[in-house]
1. Using label points projected 7 Å from each Cα along Cα→Cβ, tell me how many nm separate D185 and Q154, to one decimal.
2. Rounded to the nearest 20 Debye, what is the dipole magnitude of the chain about its Cα centre when Lys and Arg each give +1 and Asp and Glu each give -1 at the C-beta?
3. Order of 154-163, 137-146 by packing, highest average Cβ count within 10 Å first?
4. Which whole-number percentage describes the relative contact order of region 156-249, with Cα contacts under 8 Å and a sequence gap of 6 or more?
5. Using only the alpha-carbon atoms, how far is helix 2-29 inclined from the longest principal axis of the chain? Give it as 0 to 90 degrees, nearest 10.
6. What accessible area per residue, rounded to a whole number of Å², is obtained for the chain using a probe radius of 1.4 Å?
7. Express the carbon and sulfur contribution to the solvent-accessible surface of region 52-161 as a percent, rounded to the nearest whole number, probe 1.4 angstrom.
8. Roughly how much of I125 is accessible, in Å² to the nearest 10, using a 1.4 Å probe?
Amino acid sequence: MQERKRVIAILIVFVGLLTIFSTSIVLVFNSKSEKLWQIVSQQCLPGQQLKSDPQPCRQVNIANGYVVMKDRNGPLQFLLIPVAKITGIETQKLLNPATPNFFAEAWRARHFMEEKWGKRIDDGIYSLAVNSRWGRTQNQLHIHISCLRPDIRQRLDALSSTLDTTWQTHRLGEHDYQLRVVTRDEFKRTSPFIRLAHELPGARDHMGHYGLAVAALGDGKRVLMVVKRNVLLLNLASAEELQDHSCALLK
């Protein structure tokens, strides 16, 4: 029996490592992993600067260092992407207080979803997400601006009264997440990237292992939701899993 358990454990580790290795190979050798950066640097940015035409982006904000573009997935999903080359969540530049608070900018950019929908969208429907180094397909930082999954909205509402400024572990969907509440002003003032690096033990040296999402709670508060890669559980820390790009909450 012990031998059988040992074999099963080895197989689980092997499959997990194979999954992680395969993901890494895809990112390294797939030329499409630079597609977003090519769009930003070769189309949106020069288009805005030379012709005042940001297409295919919807907005180019040079002063605050980002563009907003419609994602090809989902009727309402948008992406906020830095105009500087920032590979992903693991990039140390994101921990510099002088770097724009891209999450706060992404929350402000949610109006693009509302404009496309043609009606007011309640803040409880929105969500923001960044995937880990292992859970993404693009090597340019991009924040997904989309709808929250209905089951995750229901779960957060149930947890709302127990959540506070301390990090707590809760199950969200398929994986365990670390949750913490911030006020509207705290969210604007301190980047969630910085908060993650400084507040969760060991995170600063392994930022690429984490996915990070944001949603609204009552009273204007925001909840930060952090997932860490877990090889044994085949968890690549794709915080985007909390989102619903079909926006069922609107239907």
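The values are calculated or read from the model by the stated rules, or taken from the named source; none is laboratory data. Note that the structure is predicted; figures quoted are calculated from it, not measured. Cβ coordinates were reconstructed from backbone atoms using ideal geometry, including for glycine residues, and neighbour counts include every protein chain displayed. When the accessible area is computed, the model is the full protein with side chains, heavy atoms only, and any ligands, DNA or RNA have been set aside. Shrake-Rupley method; radii C 1.70, N 1.55, O 1.52, S 1.80 Å.
1. Those two pseudo-labels are separated by 3.6 nm.
2. The dipole magnitude comes to about 280 debye.
3. 137-146, 154-163
4. 25 percent
5. Tilt relative to the chain: about 20 degrees.
6. 50 Å²
7. Of the solvent-accessible surface of region 52-161, carbon and sulfur hold 47 percent.
8. About 20 Å², ignoring ligands and nucleic acids.
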